[in-house]
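Here, each number is a calculation from the coordinates, and none is a lab measurement. Just so it is clear, the model here is predicted, and its values are computed rather than measured. So basically every Cβ, Gly included, is an ideal-geometry build from the backbone, and we count neighbours across all protein chains shown.
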Amino acid sequence: MKKLISLCAVILLAATGIALAAPKTIILATTTSTQDSGLLDVLVPQFEKESGYKIKTISVGSGQAMKMGEKGEADVLLVHSPEAEQKFMTGGFGVTRRLVMHNDFVIVGPTSDPARVKTAKNSVDALQRIAKSGALFASRGDNSGTHAKEKGLWKGAGISPDGQKWYQQTGLGMGQTLNVAAEKKGYTLTDRATFLALKKNLGLVILSEGDSKLLNIYHVIEINPAKWPKINAAGGKSFADFMVAKKTQETIGRFGVEKFGAPLFFPDAGKNPASLGL
């Protein structure tokens, strides 16, 4: 009898331990660029050390990250697809959406530049030249923030690339799509941070940049516990607070300077979104 009671006590303590331990893990659904650029390799250990939480990072496109949020499969999001984010918030899936940072998108391609993108006057002109030349363009095709930006640019250029022989949708993340473009000597749209982090082995160069249409803005979103009571709302808030904290923003502003001579992201917490064109 005593053994049975002891066994029950052990099981109860173990179950209690699991229940207590579970909220210490935070599920972060984030765009691939924050992972591929190496930024999260710096920020996550810093957050875990300061907070006592453990982060489980799921690196996917922003669209897929928001789908996870809609299903209660994540506690917090770090994404870069403003229009889709606004719909997410309107749907009541998020409780806060805070500006974190920005960088920009660039169009990259082979040094031979068969479509003469280097001399294009802007990103729209660049895409028109690629379409006219029939040179391969590798699209992520994954409903990510980058893919959403790309589709908007094609629309602005008056071009419907779907189904064209020169247009290839990879269904992959940014790093892998860059590899496809490099292997096939094609063009692609990428966030600058991921490209700079990986360019050493790609053989691709930046051919179109600096267009205001290429701005790339990141927000951190806490998932609504009213819709998903079992999520780690406290942990999600802790991470969101961390991302906009002064110390973290300073870390973001320094990231990439030592290796590339310039930051890969620019901190924006507390800024008026209108100042970024939002």
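Taking Rh as the Kirkwood radius computed over C-alpha pairs, what is the Stokes-Einstein D of segment 39-148 at 20 °C in a medium of viscosity 1.002 mPa s, expressed in µm² per second?
D = 127 µm²/s.
State the answer as a single residue: which of LEU196, GLY92, THR251 lies farthest towards the positive end of the charge dipole of the chain, with beta carbon charges of +1 for Lys and Arg and -1 for Asp and Glu, about the Cα centre.
GLY92
Net charge within 13 Å of THR57 by Cβ-Cβ distance, Lys/Arg positive one each and Asp/Glu negative one each, not counting THR57 itself?
-2
Which of the peptides 119-129, 212-222 is most tightly packed, and how do the rest follow, judged by the mean count of other Cβ atoms within 10 Å per residue?
Most protected by this proxy first, the peptides run 212-222, 119-129.
With θ set to phi - 60°, apply the Karplus curve 6.51 cos²θ - 1.76 cosθ + 1.60 along segment 212-217 and write out the HN-Hα couplings as whole Hz, x wherever there is a Gly or Pro.
4, 6, 9, 4, 10, 10
Got a sec? How would ASP268, ASP191, ASP162 order by Cβ neighbour count within 10 Å, fewest to most?
ASP162, ASP268, ASP191
Can you give the three extents of the C-alpha atoms in segment 198-278 along their principal axes, from longest to shortest, in whole Å?
Result for segment 198-278: principal-axis Cα extents of 48, 27, 25 Å.
Which value, in debye to the nearest 20, gives the size of the charge dipole of the chain about its Cα centre, when Lys and Arg are +1 and Asp and Glu are -1 at the Cβ?
The calculation lands at about 300 debye.
Report the percentage of all Cα-Cα pairs in the chain whose separation exceeds 27 Å, rounded to a whole percent.
43 percent
What value, in deg cm²/dmol to 500, does the helix sum -39500 (n - 2.57) over DSSP H runs of n ≥ 4 give at 222 nm once divided by the residues of the chain?
-13000 deg cm²/dmol, from helical runs alone.
What is the distance in Å between the Cα centroid of segment 100-145 and that of segment 156-183?
10 Å
Can you bin every Cα-Cα distance in segment 104-214 into 10 Å intervals starting at zero and give me the percent of pairs per bin, rounded to whole numbers?
Taking every Cα pair in segment 104-214, the percentages come to 16, 56, 28, 0.
Rounded if a/c is under 1.5, else prolate if a/b beats b/c, else oblate: with a ≥ b ≥ c from the C-alpha gyration tensor eigenvalues square-rooted, which is segment 176-241?
Verdict is prolate for segment 176-241.
Putting +1 on Lys and Arg Cβ atoms and -1 on Asp and Glu Cβ atoms, find which of THR57, GLN35, SER275 reaches farthest to the positive end of the dipole of the chain.
Selected residue: THR57.
Once all Cα-Cα distances of segment 127-175 are split into 5 Å bins that start at 0, what whole-number percent is in each one?
P(r) for segment 127-175, in whole percents per bin: 5, 22, 32, 27, 12, 1.
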